[in-house]
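What follows is a short report on a single structure.
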Amino acid sequence: MNAHHHIISIGGSDSGIDEIASFFDQKPLAGVSYIVIPHLSIAFQTKLAEILARHVDLAIREAQNGILVEADHIYIIPSNSEMTILKGRLQITPKTPEQGLHRNIDRFFNSLAADQGEKAIGVILCEMDGDVLGGIRAIRDAGGIVIAREQETDYSEVSSCVDFVAEPRLMAKIIENHVMQSRRILLDQNEKVTMETILNVIRENTAFDFSGYKFDILSHKTRKRALDQHFYSLADYLSFLKVTSSEMLALSSEFLSGTTTFSNNGSSLRFFKADNAQSVSQTKKLDIDLNTAKSHKKQISDLKKELNELKTDLSAVRQQSDVSLNDLRSANAVLRLANGRMRHDNQEMRSENNKLDIENKKLIELNEELDNFVHLASHDLLAPLAHIEGSIALMSEIGVRDAQLAEVMDVIDASLKRFRALVEDIGTVAKVEHDLKSREKVDINEIIQSVLWPLEPRIKQSHTQITVDLQEKDISFSKKNLRSIVFNLISNSLKFNEGSHPAIHISTKKIDRQVILSIKDNGIGIPTPELDHIFALYGRLRHDIEGNGVGLYLTKRIIDASGGSLVVESAPGEGSNFSIYFAAD
């Protein structure tokens, strides 16, 4: 039974509760269902339901045997249970002793693909291994998509099989784009004829012949590829394919990825080359050999060209962003100066203020458009980058005989990883000020407890004493941004504390209508010359301690952009005190 709506299955571990909460922080898409498969104790599963209830307005239910999956619902698998789906209804059975988290996720992904086809979406918020590979391939082969978070361990086979690798807070937008595209896709009336033409074009212009593959799988993958390139008609995509050789290579790589399934039993993929343009019937079978230096050099040359084009586009985006932001700041400074002078003349001030309000509104709109542009540009650049990474991974999997060529491929792969990290950092930084528009009354104690809970294992392991003294209970601020600020500061206090009796004190007070939040520790402290350096982008005090130098930069940027200020008092061996002065209401 294929549901009328998409079903999103989310697999997570006992250390990924914070990532699940971050996923649902982004206002989940309506009209779909969410099924959460965490690896938690009964107590933590109850806590998970309470956390999700604070993040979403959707109905939250514990999955029951035989229950029909409905839209706008979140279902959580019961503890110590296995789950599948059949005809749109959940099937619950007791968990076997050998059944681990990945087996549970893999089993449900397989059943979801078989039951829901194109409307199956898999989300992985835990470290992956080979046990989830079958379920990932099943969803993709059925026409669905799979999204995974960044992996801390290097398991390239699994990572290369998913459609997207993204932070949990960006996944909701990816899912929304996919669902909305699938709802408005225009199917060709002559889809079979168009698909046959696409396969013929690939066979005539490349060394690949996919005539032995299952037609339905190739059709699903072609339609997904067309949607990724913003084509809602296979006929339009065919026209684009005929004049774009790089797209033929990308589509061929997509056909080769995942499960290799053929329509005729025992057949294998063959590569053909015409001996004679007038005698296709004399085509002879070649050995599967993609390892010749000549072939690889051409492919690497094409990849280098595409990579250089992406670097050029990104450089232009960054330059335009820097120039526009400086222009906006300069214009705002001039407007404020003019506004101060106009106070001396009441009648002139009213007239000029009206003009300034109009100009300021335009500047705000322009600034929002610029933020959106940088964010979307960073996001859009990730898609072709993923295709290039997939091609490199495919070539590496096949193997390269030329040692020098292998070194070149390693250099390209390393450059791609650095390039991806840069694009993702740009997208993260650009989104910070955009989120500042959201202000609400926030319970400070609730924020602190939601941060301490996922950090509890580190707190217990380090025997850190946490004390809280809140003279002020709430504040008007962005809930997500306040949580990010508190998490960064407490996490840093835990990381940079090497004493035998570590302690962190969290307090609030109010002075002259201004709320002050302080987080004080007795850690290693910060030398005075380094105090400004720690707030620079990628600025790090100790390179032997984990971190990327982005957390404190974003924290200060959020506070500064909201009109507040951040003051640090610290000395080596005496700990640090971070005080946040929030802008008065």
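The values are calculated or read from the model by the stated rules, or taken from the named source; none is laboratory data. Here the structure is a predicted model, which is why all the values come from computation and not from measurement. We place every Cβ from the backbone using ideal geometry, glycine too, and count neighbours over all the protein chains shown. Note: accessible area is taken over every heavy atom of the protein model, side chains too, but ligands, DNA and RNA are not part of it. Shrake-Rupley method; radii C 1.70, N 1.55, O 1.52, S 1.80 Å.
Numbers for the structure displayed
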| read-out | value |
| --- | --- |
| Failed condition for Asp521, given (1) surrounded by fewer than 17 Cβ atoms within 10 Å (Cβ to Cβ); (2) of a type in the set (Asp, Glu); (3) at pLDDT 80 or above | (1) |
| Any hit, region 365-384, residues being β-branched (Val, Ile, Thr) and at pLDDT 65 or above | no |
| Wholly within region 96-167, helices (runs of 4 or more DSSP H) carrying at least 3 residues that are at pLDDT 85 or above and under 30 Å from Ala414 (Cβ atoms) | 133-141 |
| Any pair with Cβ under 6 angstrom, 6 or more apart, that starts in region 68-79 at a residue that is more than 18 Å from Gln116 (Cα to Cα) and ends at one that is open to solvent by 10 Å² or more (accessible area, probe 1.4 Å) | Ile76/Glu62; Pro78/Glu62; Ser79/Ile42; Ser79/Gln45 |
| Filter pass, Ile20 being at pLDDT below 90, in contact with a Gly (Cβ under 6 Å, 6 or more places away or on another chain), assigned to a strand (DSSP E or B) and closer than 23 Å to Val132 by Cα | no |
| Selection from region 213-224 of residues that are open to solvent by 20 Å² or more (accessible area, probe 1.4 Å) and outside any helix (DSSP H, G or I) | Lys214 |
| Where a residue in region 130-144 is closer than 10 Å to Arg107 by Cα and its partner, wherever it lies, is part of a helix (DSSP H, G or I) and not hydrophobic (A, V, I, L, M, F, W, C), with Cβ under 6 Å and at least six apart | Asp131/His102; Asp131/Arg103; Asp131/Asp106; Val132/His102; Val132/Asp106; Gly134/Asp106; Gly135/Asp106; Gly135/Asn110 |
| Where Lys273 falls short, out of the listed (1) of a type outside the set (Phe, Trp, Tyr); (2) modelled with pLDDT under 70; (3) open to solvent by less than 40 Å² (accessible area, probe 1.4 Å) | (3) |
